[in-house]
Structures are given as C-alpha cells and as structure tokens.
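Data block below; observations after.
The values are calculated or read from the model by the stated rules, or taken from the named source; none is laboratory data. Since this is a predicted model, take the numbers as computed values, not measurements. Here the Cβ positions follow ideal geometry from the backbone for every residue, glycine too, while neighbour counts run over all protein chains shown. Areas reflect the complete protein model, heavy atoms only, side chains present, ligands, DNA and RNA absent. Shrake-Rupley method; radii C 1.70, N 1.55, O 1.52, S 1.80 Å.
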Amino acid sequence: MPEDSEPPYFNLRPHDFGSDFVWGVSTAAYQIEGAHDIYDKGASIWDRFVSKKGTIFQGQDGRISCDFYHRYKEDILLMKAMNISHFRFSLSWARIFPDGIGKVSEEGIAFYNRVIDFCLECAITPWITLYHWDLPQVLEEKGGWTNRDILGWFETYIKLCAERFGDRVKQWIVLNEPMVFTGAGYFLGVHAPGRKGLKNFLPAVHHAVLCQALGGRILRKTIPEASIGSTFSCSQITPFSDRSKDIRAAQKADALLNRLFIEPSLGMGYPTESVPILKRIEKYQKPEDLENSSFDFDFIGIQNYTREVVRHSYTVPYLRAKIVKATRRKVKTTLMDWEVYPPSIYAMIAKFNAYTGIKKILVTENGASFEDQVRNGEIADRARTEYLQAHLEQIHKAQNDGLKVSGYFVWTLTDNFEWAEGYRPRFGLVHVEFTSQKRTLKASGKWYGYFLGLGKELRCI
Ligand code: FCB
C-alpha cells in the first residue's frame with residue numbers, strides 16, 4: 001500500500017478535547033446550493049457578480065455548484081456516516097425573501113425546513129449562519145451595506161428566520177466574517193458586489209457592526225433559549241522584521257484584520273488609535289450607535305487558515321502596511337497561497353480569549369485546499385489530514401494552557417465554489433466530480449470520520 005494512503009498517526013482522541021466539545025463541518029449557501037433561480041428565488045449579489053467579466057477564475061459561477069439544494073440528503077447522510085454531529089450552514093436571504101424584504105418565499109422556507117428536519121432525523125445539530133455574504137441584489141441596488149436602511153432590512157429577515165426555524169434550531173450565528181465581506185466586497189472590489197474605496201468600506205463596516213449586534217438582540221428576543229454567536233476571520237500577524245516601521249505596520253494590520261469587528265461588539269469602539277482613518281466612521285454614526293454596537297454573545301466563532309507576515313509600505317494608502325505573500329517567503333503553502341502555519345490558530349485563540357467579554361470560543365472554520373489527485377477512484381490527500389491534525393494539536397495545546405475553546409468545524413464538507421477562485425481550490429473532505437455530481441470520500445474525510453467514531457469503521461460507507 002502506498003505510504004500516503006495510510007492516515008498519518010495521530011495520538012489525540014475526540015474525548016481529549018472534553019465531552020462537550022462540538023465537532024462539525026461548515027458550509028455556505030452560495031458556495032454549495034446551486035438551484036440559483038428555482039421557484040421564486042431572487043438574485044443575490046453573488047449571482048450578479050459572477051456574471052461580470054473578469055471577476056471569477058475562468059468565468060465560473062455557483063449556479064449549480066455541488067447542487068446541495070437537490071442533494072442535501074446524500075450530503076447529510078455522508079456527515080452521519082462520518083460521525084459528524086454538528087452542521088453549520090447559511091441561509092440564502094434571497095431564497096427566503098426574493099425581493100429582499102416583503103414577500104416571503106414559502107418554497108425557500110420549505111427547503112430549509114427539509115434540511116433542518118433531515119439533520120435532526122440524523123441526530124446532527126443544525127447551526128445556522130444568517131449572513132454568509134449573499135445579499136439580495138435588489139437591496140444592493142439601494143446601496144446594500146452602505147445604506148443605513150440595511151438595519152431595517154436585516155431586522156425583517158432575521159425576525160422571520162428566527163420565527164420560522166427557531167423552534168428546532170438553537171445554535172445561531174449572525175454574520176460570517178464581516179471583515180472579509182466588507183474588505184473584499186466594498187473596499188477591494190474583488191468579491192461581490194465589487195465596490196471599492198473608503199467611501200463604500202467605512203459605512204459598510206459600521207452598518208455590519210450595528211447589524212451584528214442587532215441580529216443578536218432579535219434572536220435573543222425571539223428564541224430566548226438560543227445560543228447566539230457571530231464569526232470573525234483572524235490570522236496571526238508577524239512583522240516582516242524587527243524594524244520599528246514593520247512592527248507598526250503589523251500592529252495596524254492586526255487592528256484591521258483581527259480587531260475591527262470584535263471590539264465594537266464588546267463595547268470597546270473601533271481601534272482608531274491603531275488605524276486613525278477609522279475615525280472617519282464618525283460621519284456615519286448616530287449618538288446611540290456606540291451602545292447599539294455591542295451585544296453579549298454566548299460564543300464567538302473564530303475562522304483561521306494561516307498567518308500573515310506584514311511589512312511597512314509607502315505605496316499602500318492609509319495603512320502604509322502590506323502583506324508579504326507566502327510564495328515570496330518560500331514557505332509551505334496551500335493552493336490558495338496561504339502559508340501552512342498551525343501555531344497561528346493557537347495565537348488567535350489566545351488573542352480572543354484575552355478579551356474579558358468573550359464567554360466561549362469555537363473554531364467555526366479551518367481547513368485547506370491542496371492539489372487533490374484522483375487515482376483509481378481514491379483521493380489520498382495526506383497533506384489535508386496533516387493540516388487538520390496539526391491545527392487540532394494546537395487547539396488541544398490551547399485547552400491545556402487554560403484557554404477556552406470548545407468546538408471545531410472543518411471547512412468544508414464537499415468541494416464547492418470558492419468565491420473569486422471558482423472551483424480550482426478544493427477544500428472538501430469529500431471530493432465532487434462536478435459534471436456527474438459524484439461524491440467520493442477523500443482520505444482526509446475517512447480519517448475525520450474514523451477519528452470522530454473513536455476508531456470505529458465509518459457508519460455506512
Ligand atoms: C472563509 C469563508 C468561507 C470559505 C473559506 C475558505 O473566509 O468564510 O466561505 O471561502 O474562507
């Protein structure tokens with residue numbers, strides 16, 4: 001047997017992380033569902049963005065993707081077979097409210113009811129993310145996240161979801177990585193809706209902060225027994241050198257990438273002392289906003305894939321800091337050109353753990369894409385298993401050091417549409433052949449299932 005078809009030796013067992021530790025996988029609606037226009041589904045900003053020339057790798061789109069809409073049973077059964085007991089997925093706002101607000105699509109609601117009910121039937125706990133980047137296009141046409149009216153739109157959407165699904169779903173996440181959807185979508189223009197510049201970014205940031213807390217309050221009121229969180233992208237930031245300029249640049253990048261959304265939610269305001277340009281958010285603030293930016297979340301989700309090395313740069317406006325790409329540093333990388341650097345997850349758990357207002361931390365995304373090869377119907381993705389194991393070791397170390405981390409969700413179950421990168425990066429534990437939609441468990445998926453099943457054979461594969 002070739003060496004790489006054997007899973008690497010791993011000395012930890014799920015119970016080493018505690019009996020209440022949550023083990024799961026994460027997904028997002030636009031990346032997996034397909035069925036982009038079934039029944040009365042409205043278009044989202046991603047449906048529109050993918051049709052613009054030059055936005056997505058090879059002009060690809062998520063119109064079909066891995067067709068979770070029609071294949072949810074097969075995929076949930078795969079989770080069950082892999083002993084995965086928690087499933088984090090997002091709701092597509094435009095599938096529920098085709099016009100953003102107003103008319104409700106009962107077909108959209110019925111789809112999510114089917115998914116939730118089937119999870120419960122399979123003894124899998126559903127975790128709903130309310131917003132994973134796919135704003136209804138009609139709302140973008142009214143300004144999207146830059147328009148303060150989004151508070152009202154978001155309230156309508158969340159209230160309905162809580163009312164319709166809250167009887168069975170008790171785990172709720174308000175936003176997925178607000179830094180990424182405001183930064184990539186409203187500053188750099190590389191994600192939907194493709195807007196650029198501070199004039200879009202700053203109001204989008206402020207409204208996302210307010211919506212994050214507002215969402216928490218609505219959920220708490222509508223489903224008092226729910227456990228409510230929000231998720232944050234984060235990466236350890238290392239200065240390129242010990243020159244004071246690089247150290248300052250790293251501090252600024254850290255404030256922007258790791259602190260911008262968590263601190264206002266804890267009542268600390270924006271990190272303006274590190275990034276003075278953020279003072280311009282004042283223009284969009286009302287007196288009551290400081291108070292309304294915070295919410296007492298039951299947990300936060302941190303999402304970590306890599307670390308960033310940052311150096312001073314005169315050419316980058318406002319920040320004077322830039323990321324030194326991993327390929328230039330000649331380090332081990334994934335297909336995304338993200339450095340494989342497991343200590344980053346430990347550093348991020350420690351960083352968030354240090355905020356007194358945070359009660360509970362879960363890792364709601366971690367995973368990797370590599371060049372997967374299908375040979376004789378098998379995918380021997382040893383590098384992915386090693387990546388997951390190395391990160392789990394860091395999480396275990398964090399627990400041993402007294403840091404509170406109580407869950408781990410792999411990104412992701414099946415290969416899917418990776419935003420601007422299209423289908424090239426495959427992050428799944430399950431391989432998808434997109435023309436036939438055939439699912440094949442990768443070696444990493446077999447390992448994860450075997451690990452979660454305490455070494456027992458996978459349940460039905
Ligand atoms: C995260 C996103 C998720 C996925 C992974 C690879 O930033 O939340 O949707 O794209 O990266």
Quick check: from the Cα gyration tensor, does segment 253-396 come out rounded (a/c under 1.5), prolate or oblate?
oblate
Measuring from centroid to centroid over Cα atoms, what is the spacing of segment 282-336 and segment 163-209 in Å?
14
Given a Förster radius of 35 Å and the C-beta distance between Lys332 and Asn400 as r, what FRET efficiency does 1/(1 + (r/R0)^6) yield to the nearest 0.05?
0.85
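Could you tally the net charge around Gln285, taking each other residue with its Cβ under 14 Å from the Cβ of Gln285, Lys/Arg +1 and Asp/Glu -1?
+1
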Counting DSSP beta bridges with both partners in the chain, what percentage is antiparallel, nearest 5?
25
Counting only protein heavy atoms and rolling a 1.4 Å probe, one gets per residue an accessible area for segment 3-452 in Å² of 39
Among Phe370, Asn83, Tyr69 the positive-end extreme of the charge dipole of the chain (Cβ point charges)
Phe370
Using the Cα centre as the reference, give the magnitude of the dipole from point charges on the C-beta atoms of segment 3-452 (Lys, Arg: +1; Asp, Glu: -1; all else neutral), rounded to the nearest 20 debye.
1320
Cα-centre dipole for segment 86-142 with unit charges at Cβ (Lys and Arg positive, Asp and Glu negative), debye to 20:
120
Quick one: length gained pulling Lys199 to Ile277 fully straight, 0.36 nm per residue minus the C-alpha distance?
26.9 nm
Trypsin sites (Lys or Arg not before Pro) in segment 380-428 lying in a DSSP loop, each with at most 15 other Cβ atoms within 10 Å of its Cβ, come to Lys404
Asn113 and Glu371 label points (each 7 Å along its Cα→Cβ direction) are spaced in nm at 4.9
Extension gain, Ala354 back to Lys221 (0.36 nm per residue minus Cα-Cα distance, nm):
45.0 nm
Relative to the present Cα-Cα distance, how much length would full extension add between Glu121 and Glu74 at 0.36 nm per residue of separation?
15.6 nm
Lysines with Cα under 21 Å of Lys330, excluding same-chain neighbours fewer than 8 positions away
Lys322
From the Cα gyration tensor of segment 97-195, with a ≥ b ≥ c the square roots of its eigenvalues, which class applies: rounded if a/c is under 1.5, or else prolate if a/b is larger than b/c, or else oblate?
prolate
Taking each pair of different alpha-carbon atoms in the chain once, compute 1/r for the pair, average those values, and report the inverse of that mean as the Kirkwood hydrodynamic radius in Å to one decimal.
22.4
Label zone at Leu160, where the point sits 7 Å out along the Cα-to-Cβ direction: segment 25-47 residues whose backbone N lies under 16 Å:
38-45
What is the list of residues in segment 268-296 whose amide nitrogen lies under 20 Å from a point 7 angstrom out from the Cα of Arg148, following Cα to Cβ?
269-270, 278-295
Reachable aspartates and glutamates, given that their alpha-carbon falls under 15 Å from the alpha-carbon of Lys245 and they are not under 8 places away in the same chain
Asp254
Once you put a point 7 Å from the Cα of Ser436 and another 7 Å from the Cα of Val316, both along the Cβ direction, what distance in nm separates them?
4.5
Can you tell me which of 439-448, 8-17 comes out highest on packing, and rank the rest after it, using the mean Cβ neighbours within 10 Å?
439-448, 8-17
